[in-house]
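We did not get these values from a lab; they are worked out from the coordinates using the rules stated. Quick caveat, the model's predicted, so the values are computed rather than measured. No Cβ is skipped: glycine too gets one built from the backbone with ideal geometry, and neighbour counts run over all protein chains shown.
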Amino acid sequence: MQALTQFFENNKTWVKEITDKTPDFFKQLSEKQSPEYLWIGCSDSRVPANQIVNLLPGEIFVHRNIANLVVHTDLNCLSVIQYAVDVLKVRHIIVCGHYGCGGIKAALEKKEHGLIDNWLRHIKDIYRCHQQEIEALRDDEEKFRLLCEKNVIEQVANVCHTTIVQKAWKAGQEVIVHGWIYSVDDGLLKDLDVCISGLEQIQLIHHLNL
Ligand code: CO
């Protein structure tokens, strides 16, 4: 209980820090949110969206799940994307993975983990798609890192394959999807240079006549 009491103290300190700088900060935010960015990241406690990119409340719309997956039957993630694109009109969608991801590591193992194994199977599918390239590496740590990167790239594609993003593009709305990876070792972000901003950049099989 002591720790939780501390949270309320922390909260008051945090509010004071913000309102000392901008007295009507919360009043302004209470009126509306208009973030320009949607962040899709891992639930990992070491990868907090706002802090990593040093943004304040109101600046970034966030969805996090284990291993930052965008699964085309996941109503939760799709709803977040739809709201962000259709209503908030975010210009940038950032898929941010991280090295040392426990979800990716678990997917590389044979061990059973319970219910979550069904979620991790999506990562095993990505492994299978890139098996040759991954297995050409000798070092297990390098394989792990490569799969963390491949996972981000696949999720960027998954965002672009949604009807939500394709409809927005068709309507002339600018939506740019980025793939980044974060290093928990040093706190630094790396751009994987897989930015997608239009239908012509995705595979033909996923082009929809909307
Ligand atoms: Co993770």
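Assorted remarks:
- The calculated FRET efficiency for the pair Gln173 and Glu200, based on their C-beta separation and a Förster distance of 22 Å, comes to about 0.85.
- Estimated from helices alone, the mean residue ellipticity of the chain at 222 nm is -13500 deg cm²/dmol (sum of -39500 (n - 2.57) over DSSP H runs with n ≥ 4, per residue).
- Listed by chain and number, the lysines whose C-alpha is less than 23 Å from the C-alpha of Lys12, apart from same-chain residues fewer than 8 away, are Lys21, Lys27, Lys32.
- Given R0 = 22 Å, the distance between the Cβ atoms of Leu137 and Arg46 translates into a calculated FRET efficiency of 0.35.
- All aspartates and glutamates inside 17 Å of Lys190 as judged from Cα atoms, apart from same-chain residues fewer than 8 positions distant: Glu142, Glu149, Glu154
- Annotated for region 68-174: lysine pairs at least 8 residues apart or interchain, Cα distance under 14 Å, count 8.
- Shape of region 76-210, Cα gyration tensor, a/c cut at 1.5: prolate
- Of the residues Val175, Val85, the one with the fewest other Cβ atoms within 10 Å heads the list, and the complete ranking is Val85, Val175.
- Alpha carbon centroid spacing (whole Å) that separates region 162-184 from region 65-94: 9
- Between Val71 and Lys21, the simple label model (points 7 Å from Cα in the Cβ direction) yields a spacing of 3.8 nm.
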